[in-house]
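We did not get these values from a lab; they are worked out from the coordinates using the rules stated. The structure presented is a predicted model; accordingly, all values stated were derived computationally and were not measured. Neighbour counts run over all protein chains shown; Cβ positions are idealised from the backbone, glycine included.
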Amino acid sequence: MSLPFDSGEEYIEQQFSELVVSQEEVTAVTFEECTFTNCNFSETQFKRCIFRDCHFENCDLTLLDVDYSRFQRCKFAECKLIGVNWAKAGRIQWIEFHSCNLSYSTFMELDLSKAVLTNYLAKEATFAETNLTDANCTHTDFLDGRFIHTNLTRADFRGAKNYAIAAAENTLKQTKFSLPEAIALLDGLDIILENPTS
């Protein structure tokens, strides 16, 4: 099939809607202030591409390959981003995910400080050696997700659920949690917790 993007080209303030670019390879393309709506990029490889100030809405990006691509100030709303290895990206700066499905994704060794990850599903997502300083993770479902040596300084987890964050293995400084979900932070500690007698 003929691709809608030419390698090495730059697209500025373009609006793309209903595109189907599945299992294809897009190389060295720059997108600046572009909007993608109802597009299907599942299993597509974006190699050495640049996305700057772009907005994705209701797109299918399942198993997207972001090999050495850069994402700067991009927003994803109601998108499927299942199984994406974001650690392969060249750079991620100030990214936002709103009501997305990020299950089985990997964010290993990334700087996601001030990132917005709200109201989304992150089943079995991996945050290892990740910097989530000042990140907004409110109202997100982290079912079976993994936090390993993650910096959660001033991160906001209010309203989030199903997270398993080992306090001794991650950095928790002024991190915001809400009850009753915050009780999960006691898991793994050598303590005995009892209900008060009536």
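When the chain is treated as a GNM with alpha-carbon contacts under 10 Å, the residue of S178, S103, S42 showing the greatest mean-square fluctuation is S178. Taking θ as phi - 60° and the Karplus parameters 6.51, -1.76 and 1.60, the scalar couplings of segment 130-141 work out to 8, 9, 10, 4, 6, 6, 9, 10, 5, 6, 10, 9 Hz in sequence order, x denoting glycine and proline.
Projecting the Cα atoms of I92, Q45, A28 onto the dipole axis of segment 21-98, where Lys and Arg carry +1 and Asp and Glu carry -1 at the beta carbon, places I92 farthest toward the positive end. The modelled label-to-label distance between R158 and T171, using points 7 Å beyond Cα along the C-beta direction, is 2.3 nm. Overall, the anisotropy analysis places segment 90-139 in the oblate class: the square-rooted eigenvalues a ≥ b ≥ c of its C-alpha gyration tensor yield a/c not less than 1.5, with a/b not exceeding b/c.
Looking at the square roots a ≥ b ≥ c of the eigenvalues of the Cα gyration tensor of segment 66-183, which shape do they give, rounded for a/c under 1.5, prolate if a/b is larger than b/c, or oblate? Prolate shape, in that a/c is at least 1.5 and a/b is the bigger ratio. Look at K88, K47 and count the other Cβ atoms within 10 Å of each Cβ; fewest to most, that gives K88, K47. With both labels modelled 7 Å from their Cα along Cα-to-Cβ, the E109 to D53 distance reads 3.2 nm.
Go through K75/K123; K47/K176; K47/K173 and tell me which ones have a Cα-Cα distance over 30 Å in this structure. Among K75/K123; K47/K176; K47/K173, the Cα-Cα distance tops 30 Å for K47/K176; K47/K173.
With 0.36 nm allotted per residue and the present C-alpha distance subtracted, the H98-D134 stretch has 11.3 nm of extension available. Centre-to-centre, using Cα atoms only, segment 29-97 and segment 128-154 are separated by 20 Å. Counting other Cβ atoms within 10 Å as a rough exposure proxy, the listed residues I12, I95 run I12, I95 from fewest neighbours to most. Between the beta carbons of S7 and R91, assuming R0 = 25 Å, the FRET efficiency works out to 0.80 to the nearest 0.05.
Computed from backbone phi, the HN-Hα couplings of segment 89-100 come to 5, x, 6, 10, 9, 6, 10, 10, 10, 10, 6, 9 Hz, rounded to whole numbers (Karplus: 6.51 cos²θ - 1.76 cosθ + 1.60, θ = phi - 60°; Gly and Pro given as x). Counting neighbouring beta carbons within 10 Å and listing from fewest to most, the residues W86, W94 come out as W94, W86.
Please work out the FRET efficiency for the pair E78 and Q23, using the Cβ-Cβ distance as r and a Förster radius of 30 Å; give the result to the nearest 0.05. The pair E78/Q23 has a calculated efficiency of 0.85. 3J(HN,Hα) along segment 39-51: 9, 10, 10, 4, 6, 8, 9, 9, 9, 6, 9, 10, 10 Hz, from the Karplus curve 6.51 cos²θ - 1.76 cosθ + 1.60 with θ = phi - 60°, whole Hz, x for Gly and Pro.
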